[in-house]
Each structure stands twice: as structure tokens, then as C-alpha cells.
Amino acid sequence: MPFESLSERFQLAFKKLRGKGKLSEEDVNEALKEMRRALLEADVNFNVTKDFIKKIKEKAVGEEVFSTLNAAQTVIKIVRDELADLLGGTQSRITISSRPPTIIMLVGLQGAGKTTTAAKLAKMLKSQGKNPLLVAGDVYRPAAISQLQVLGEQLDIPVYTEEGSKDPVQISQNSIPFALSHLKDIIIVDTAGRLHVNETLMDELVRIKATVHPHEIMLVVDAMTGQDAVTAASAFDQALGIDGIIMTKLDGDARGGAALSIKAVTGKPIKFIGVSEKLDGLEEFHPDRYASRILD
Ligand code: GDP
């Protein structure tokens, strides 16, 4: 369960506030200190934590909550709103082109869950009435191509490959006329990952981007890697430019630090989250609902 200890700690702080009746500035400061510690222990970025606490304090002072009757409720509402804001505010959807095919490019480091996520996303879009095509652009890892083919077969979704080709730019480009002639309205390109962000990886992704002009570039990051996921997101955004983030393995991340830091640090929203290894384990990300889940 993600955010487990954070959730417990925030609820404890709220309980103390609720038990007090009227609140003094001191009471609120005490609760904020507790929340600050909880966020840092959840591996939330230091500056993000600092800003978060500062904003809540300013709002609490601004709304003159002290010594009012429902002060605790007001503070809790402020925290909820700020938490939703931290997670991205409102839901961010993917861009669907009015002129098909919509091209979605998935990028990320090796092991982040790209190939699995490509299949999960295709399944979700298919269930929404779309007609997706998966493209095997991770040509350096033959296992990645067969992995995608197996997943495609399970889902009855075609996978575009070019046997023997080591040119992901060409493959991505060739997938467009294929999609058009097979009436596919969404192309999901699975690209190669590397263990670390490096120039060769970025060059290739930049070339694919320049050739196929994707409508949506989504970075797949592993929540369990914590602040490394945030650092990787900044690097990909700077070198390539990304439109959104898919955060995988949130089911295995009890702390949730990456999810709470990534929008504030990179400015890019989480659009989907991976919550299990299974193919139906992808969800649209709703920041407000998630904030409520953490706090209720
Ligand atoms: P890639 O190298 O980025 O293409 O990564 P893969 O798609 O091969 O995934 C790496 C591992 O992560 C696989 O064992 C997946 O089953 C697993 N995985 C991917 N997404 C999730 C998720 O949301 N939750 C869990 N628990 N495991 C996931």
C-alpha cells in the first residue's frame, strides 16, 4: 500500500488538532512539524517539503484559522488541497489527435516497466473503443521484442516489428503507414532503455521524436527508485521534452516520495500509475482522489 506511513502520520496529526477545540498558532505549528517529518521520512524532496509546509502555514494564517470554532477542519482542508496540488492538481489526460493515428512514445530507463506499461496502456485504450498498434522499438534487447509480442497476443493487439532491423527510427516511421492501412488509430512506441541516462539513449529518442512527431511522450519511471525517479525525469525532460509521467510499481512503494515530488520538481504531471504486474494494473491518475486516499 503506497503512502502507508505518511497516511498514518498525517491522520495522527489531524487527530491531535481535532481534539483541541480552538487552535493556537502553536498547535498548528506542532502539527506542521509532524507533517514535515513525515514527508521527509517518506522520501519527499527537501525543497518540495519546505514549500509545502510554508504554503499551508501561509494559508492558515491568511484564513485566520486560529481561535475560530472549526479551525481543525479548516487546516485539514488546506492540507488536502495542497496535497492534491502537489500530486498535480487536476487530472492530466493524454493528447488524442483529431487526425489519427495518435502517436504515443514511451521512454524510460531499463526495468522501469516500459514494455509492460505499453501493453497495459494499449489494453486500456482498446477497452475505451480505440484501435491501438504496439511498436517494438526496443531493438537492442531481443527479449523486449518477444515480450511485447507475447503481451500483444494475450491482448489480441497487433505488434509492429521489423525482423533483423536495428533501426528504431525507421521502425517507428514505418509503423505509421502500417497503422493507417490497418485502421489503427493509436500507435504506442516502446523504445529502448538503458541502465542510466546517457547521450546515446537520448540521441536515439530525440531522432525518433524528430521523425515521427509524437503527440505524447510519456516517461515511465519506477516509484520504488524514489528520488532517482525524479532525477531521471528531470534529465529526460531537459534532453527530450516529455508531456507526462507514468509512475509504475506504486503498489510496491510504501513511501510515495517520488509521486509527491515529481510534479513540483519537473513541472510534468503523472498521467497514469502502475499498481500491479498484471495487464489491468494501470490506472488514470486523479490527484484529488489520491490526496483523499492518503488523508482519509
Ligand atoms: P522495461 O525494461 O522498462 O521494459 O521493464 P519491463 O516492462 O520489462 O518491467 C520490469 C518489471 O517490472 C517486470 O517484472 C514487470 O512485471 C514489473 N512491473 C512493471 N510495472 C509494474 C507495476 O506497476 N507494479 C509491479 N508490481 N510491477 C511492475
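Note on region 281-293: residues that are within 16 Å of the ligand (Cβ to nearest atom) and touching a helix residue (DSSP H, G or I) at 6+ places or on another chain (Cβ under 7 Å) amount to 2.
Flag set for Gln110, criterion: open to solvent by 20 Å² or more (accessible area, probe 1.4 Å), within 11 Å of the ligand (Cβ to nearest atom), part of a loop (DSSP other than H, G, I, E, B) and touching a residue at least 12 places away in the same chain (Cβ under 8 Å). For region 182-201, filtering for residues that are open to solvent by 10 Å² or more (accessible area, probe 1.4 Å) and either at pLDDT 95 or above or on the phi > 0 side of the Ramachandran plot (or both) leaves 4. With respect to the stated conditions, Leu250 fails to be surrounded by 23 or more Cβ atoms within 10 Å (Cβ to Cβ), more than 14 Å from Lys114 (Cβ to Cβ) and more than 16 Å from the ligand (Cβ to nearest atom).
Restricting Thr102, Thr117 to those that are open to solvent by less than 30 Å² (accessible area, probe 1.4 Å) and within 16 Å of the ligand (Cβ to nearest atom) reduces the list to Thr117. When residues in region 128-186 are screened for being assigned to a loop (DSSP other than H, G, I, E, B) and away from the ligand (no atom under 16 Å from the Cβ), 16 of them pass.
The number of residues in region 212-247 that are small (Gly, Ala, Ser), farther than 30 Å from Leu180 by Cα and open to solvent by less than 20 Å² (accessible area, probe 1.4 Å) comes to 5.
The values are calculated or read from the model by the stated rules, or taken from the named source; none is laboratory data. Being a predicted model, the structure only gives us computed values, none of them experimental. Reconstructed Cβ throughout: ideal geometry from the backbone, glycine too, with neighbour counts over all protein chains shown. The area values use the complete protein model at the heavy-atom level, side chains included, leaving out ligands, DNA and RNA. Shrake-Rupley method; radii C 1.70, N 1.55, O 1.52, S 1.80 Å.
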